[in-house]
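Participant: Right, I'll just put the structure down here and ask away after.
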Amino acid sequence: MTAMFKVGDKVTVKRTHPPGHRRTPFYIRGKAGIVERIAGNFANPEELAYGFDGEPRRRLYRVRFMQTEIWPRYDGPAQDTLDLEVFEHWLEPA
Amino acid sequence: MTDERDARGHHHHHDHDHDAHAPIEVGASEYEIMALAMRELLIEKGYVTAAEIRSALEYMDSRTPSLGAKVIAKAWSDPAYKKRLLENAPAACKEVGVDVTPAHLVVVENTPATHNVIVCTLCSCYPRSLLGLPPDWYKSKAYRSRVVIEPRKVLKEFGTELPGDITLRVHDSNADLRYIVLPLRPKGTEGWGEEKLASIVTRDCLVGVTLPVV
Amino acid sequence: MTDRRYHDMGGEPAGPVDPSTHEAEPWQKLITALRNALGDDYCRVDELRRALEDLRPEDYDLPYFERWAVAMVNLFCEKGLFSRAEWDAKMAEVRRKVQEAA
């Protein structure tokens, strides 16, 4: 299965708030960033958390966001960034 | 109305009559008793053996920031090793005798133009297989909440002031990767051997809240 | 927005960071070692995280290892590793032993 996104692609984290165990922090939902690397395929923590085996594995990306885009009142320099990991099913093309 | 009990045996009344649910003050010794009781019960039930627990404790004691310092000192001394460390940190750690399994370790490099800092906002993910248990502040609400939104202020609280022309990269270690920072080798360390270099690489440098001091 | 869960605190206001730390006490190391020794068969990290996230905010605000202890017992009872009655009996037994030793 090929990756839906490649390094350098602009992606948006889905703005959705399902209940349960999620590894996508609230503060990054709805924000757009650039794929920095494809981290590989990992067991799905949303399933592991409830005793399932986490299969099929999900593709995990490391995405870089500009701080000023995450926080409207960010008071540091404009070039500052925040990187985090987002599973493919939480991403859509920006 | 449902009536459940939590781990400490408190009754929880899930209704809305605002009846007194005064938090019971429990001293640390109560949690120590819980740890001992868990140990005994899990052994009795056959889920784990005393030997397995002992070996888990020994493994924990073998993981300290000095392992991370050793890796950084080698990277400072050997450009080819540094390249391998940045490309594949678990393999490079193995070269110096440190097995970081099961961590998918990533090393992020400070440069004259870039500084990196690590956090886990959702819990307290930390490269334990390299550095051991995380420090108290790493697990604190203050650090987890604030370092993503006002990282420069938080760094100042550690005594680290970054010039405005430096790019600050915050890494939220929120899923399967674990991170350490490769600090810049400070001036004044020319000619130092790896052991002496390792002596200035502290745990806080490896998380990115401080810089190595000569 | 009210959908943010309590543990999901990135970007929330909070006080200054206290940069001090201390060595983990033996019981705190034991808590961690129990998780590691049980491993994925009986205590997956993601299951434990979920048990931590499901704590009431006042329990989530306990210090780190205390919070782990409460969440682990809840998880083990939920998974059927032991029953609540067995847990209560074992706690009473250990508490008695600790008192006798004191």
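Participant: Output the lone cysteines of chain B: those with no second cysteine's C-beta under 4.7 Å from their C-beta.
Facilitator: B:Cys93, B:Cys123, B:Cys205
Participant: Further, regarding this structure: Which aspartates and glutamates, on any chain, are close to C:Lys79 with Cα under 14 Å apart, when same-chain ones fewer than 8 places away are left out?
Facilitator: Partners found: C:Asp40, C:Asp41, C:Asp46, C:Glu47.
Participant: Take the Cα coordinates of the stretch B:46-185, assign each an equal point scatterer, and use the Debye formula without solvent to give log10 I(q)/I(0) at q = 0.10, 0.13, 0.22 Å⁻¹.
Facilitator: These q points yield log10 I(q)/I(0) values of -0.38, -0.62, -1.43.
Participant: Helix C:64-79 against the longest principal axis of chain C: what's the angle in degrees, Cα atoms only, rounded to the nearest 10?
Facilitator: Approximately 60 degrees, to the nearest 10.
Participant: Oh, and also: Give me the Debye-computed log₁₀ of I(q)/I(0) at q = 0.09, 0.19 Å⁻¹ for chain C, equal point scatterers on Cα only, no solvent, two decimals.
Facilitator: Scattering profile of chain C, log10 relative to I(0): -0.30, -1.15.
Participant: Follow-up. Determine the per residue accessible area of the protein assembly as shown with all protein chains present and a 1.4 angstrom probe, expressed in square angstrom.
Facilitator: Using a 1.4 Å probe on heavy atoms only, each residue of the protein assembly as shown averages 45 Å².
Participant: Moving to a separate point now. How big is the equivalent ellipsoid of the stretch B:134-191 along its three axes, where each semi-axis is √(5λ) from the Cα gyration tensor, reported in whole Å from largest to smallest?
Facilitator: They are 23, 16, 13 Å, listed largest first.
Participant: On C-alpha positions alone, give me the angle between the axis of helix B:65-77 and the longest principal axis of chain B, in degrees, nearest 10.
Facilitator: Between helix and principal axis, roughly 20 degrees.
Participant: In deg cm²/dmol, rounded to 500, what helix-only [θ] at 222 nm does chain C give when every DSSP H run of at least 4 residues adds -39500 (n - 2.57) and the total is split over its residues?
Facilitator: After summing the helix terms and dividing by the residues of chain C, the value is -20000 deg cm²/dmol.
Participant: Determine the total buried accessible area between chain A and chain B, counting protein heavy atoms only with a 1.4 Å probe; round to the nearest 100 Å².
Facilitator: Chains A and B together bury roughly 2100 Å² of accessible area.
Participant: A follow-up question, please. Just to be sure I understand the interface: list residues from the stretch B:37-55 that lose 20 Å² or more of accessible area between the chain on its own and the complete protein assembly, 1.4 Å probe.
Facilitator: Buried-area filter returns B:Ala37, B:Met38, B:Arg39, B:Glu40, B:Leu41, B:Leu42, B:Lys45, B:Tyr47, B:Val48, B:Ile53.
Participant: Determine the sum of side-chain charges near C:Glu86: Lys and Arg each +1, Asp and Glu each -1, restricted to other residues whose C-beta is under 10 angstrom from that of C:Glu86.
Facilitator: Taking every Cβ under 10 Å from that of C:Glu86, the sum is +1.
Participant: So, one more: What is the local net charge at B:Ile72, summed over the other residues whose Cβ is closer than 12 Å to its Cβ (Lys, Arg +1; Asp, Glu -1)?
Facilitator: +2
Participant: In this model, which of B:Lys74/B:Lys196; B:Lys82/B:Lys187; A:Lys31/B:Lys156; A:Lys14/B:Lys139; A:Lys10/B:Lys82 are farther than 20 Å apart at the alpha-carbon?
Facilitator: Violating the 20 Å limit, Cα to Cα: A:Lys31/B:Lys156; A:Lys14/B:Lys139; A:Lys10/B:Lys82.
Participant: Now for a separate question. Rounded to the nearest 5, what % of DSSP beta bridges with both residues in chain B are antiparallel?
Facilitator: Values: 4 of 16 bridges.
If I count the DSSP bridges inside chain B, around 25 percent turn out antiparallel.
Participant: Just to be sure I understand the interface: list residues from the stretch A:66-94 that lose 50 Å² or more of accessible area between the chain on its own and the complete protein assembly, 1.4 Å probe.
Facilitator: At a threshold of 50 Å² (probe 1.4 Å), the residues of the stretch A:66-94 that become less exposed are A:Trp71, A:Gln79, A:Thr81, A:Glu85.
Participant: Computing the accessible area with a 1.4 Å probe over protein heavy atoms, can you report the carbon and sulfur percentage for the stretch B:49-90?
Facilitator: Carbon-and-sulfur percentage of accessible area, whole number: 57.
Participant: For the A and C pair, go ahead and give the buried accessible area with a 1.4 Å probe, both sides summed, in Å² to 100.
Facilitator: So the buried area, both faces added, is about 1300 Å².
Participant: Tilt of helix B:28-44 relative to the longest C-alpha principal axis of chain B, in degrees (0 to 90, nearest 10)?
Facilitator: It works out to around 80 degrees.
Participant: More than 39 angstrom separation, counting every C-alpha pair in the protein assembly as shown; what % is that?
Facilitator: In whole percent, the share of Cα-Cα pairs in the protein assembly as shown beyond 39 Å is 21.
Participant: Here's something else I'd like to know. Taking amide H atoms as placed 1.01 Å from N in the peptide plane, list the residues 5 or more away in sequence, or in a different chain, whose amide H sits under 5 Å from that of A:Arg37.
Facilitator: Close amide H contacts, sequence-distant or interchain: A:Arg62.
Participant: Give the carbon-plus-sulfur fraction of the accessible surface of the stretch B:104-214 in %, rounded to a whole number; probe 1.4 Å, heavy atoms of protein chains only.
Facilitator: On the way: 2020 of 3720 Å².
Carbon and sulfur: 54 percent of the exposed surface of the stretch B:104-214.
Participant: Ignoring ligands, DNA and RNA, how much accessible area is buried between chains B and C, both sides summed, with a 1.4 Å probe, to the nearest 100 Å²?
Facilitator: Buried surface at the B/C interface: approximately 5200 Å².
Participant: If Lys and Arg each add +1 and Asp and Glu each add -1, what is the summed charge of the other residues whose beta carbon sits under 15 Å from the beta carbon of B:Tyr81?
Facilitator: +2
The values are calculated or read from the model by the stated rules, or taken from the named source; none is laboratory data. All values derive from a computational prediction rather than experimental measurement. Every residue, glycine among them, receives a Cβ derived from its backbone with ideal geometry; neighbour counts consider all protein chains shown. The protein model used for the area step is the full one, side chains on, heavy atoms only, and it has no ligands, DNA or RNA in it. Shrake-Rupley method; radii C 1.70, N 1.55, O 1.52, S 1.80 Å.
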